[in-house]
Each structure stands twice: as structure tokens, then as C-alpha cells.
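Before any comments, here is the structure.
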Amino acid sequence: MRVELKVFASLAKYAAHPLLSADGVVELPSPVSVGQIADALNIPRKEIKLIFLNGIHAQIDTAVKDGDRVGFFPPIGGG
């Protein structure tokens with residue numbers, strides 16, 4: 001299964017993981033959840049504040065389908 005993944009702000013450092021291609025695609029066996037994608041890329045779940053699946057807010061246990069787009073956002077503080 002191919003999933004497009006975007007990691008933002010402080011999570012961008014995880015984009016260098018070998019499972020994630022240069023164009024942001026990860027290939028994993030199905031079935032897979034959003035949380036399992038994070039685990040496969042060694043992204044600590046506690047560092048993920050918001051998840052979007054195909055532009056819609058999702059939860060860590062949401063199932064992902066082939067061709068889906070996932071975005072991980074960390075908590076962002078401001079002054």
C-alpha cells in the first residue's frame with residue numbers, strides 16, 4: 001500500500017527515514033492505521049498533536065487506504 005505522508009514543523013526531521021521516499025511516499029503492507037505509520041517511521045506518537053487524512057481531521061487509530069494522504073502536525077506553541 002502506498003501512502004503520501006507530510007510531516008510538519010518539528011516533525012520534519014523524521015522525513016529522512018529510509019522507508020519514506022524523497023517525494024513523501026511510504027509503502028507498507030495493509031491493513032495499516034495512522035499510528036502504525038508513525039511507529040514504522042519512528043515518530044513518537046506523543047509528538048503528534050494533529051492528524052489529517054485526505055484533508056480531514058483523523059485519530060491515531062484511523063485506518064488508511066492505498067493512495068491516502070496523511071499529515072502529521074506537532075503541538076505548536078506561541079507567544
**Q.** Criterion: out of contact with any Leu (no Cβ under 8 Å at 6 or more places or on another chain), free of Cβ contacts under 8 Å to residues at least 12 places away in the same chain and surrounded by 10 or more Cβ atoms within 10 Å (Cβ to Cβ) - qualifying residue of K49, K6, K13
**A.** K13
Q. Counting only residues that are of a type in the set (G, A, S) and at pLDDT below 95, which one in the range 41-79 is nearest to the chain's Cα centre (by Cα)?
A. G77
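The values are calculated or read from the model by the stated rules, or taken from the named source; none is laboratory data. The model shown is predicted, which means the values in this text are computed figures rather than measured ones. FYI the Cβ positions are ideal-geometry reconstructions off the backbone, even for glycines, and counts take in every protein chain you see.
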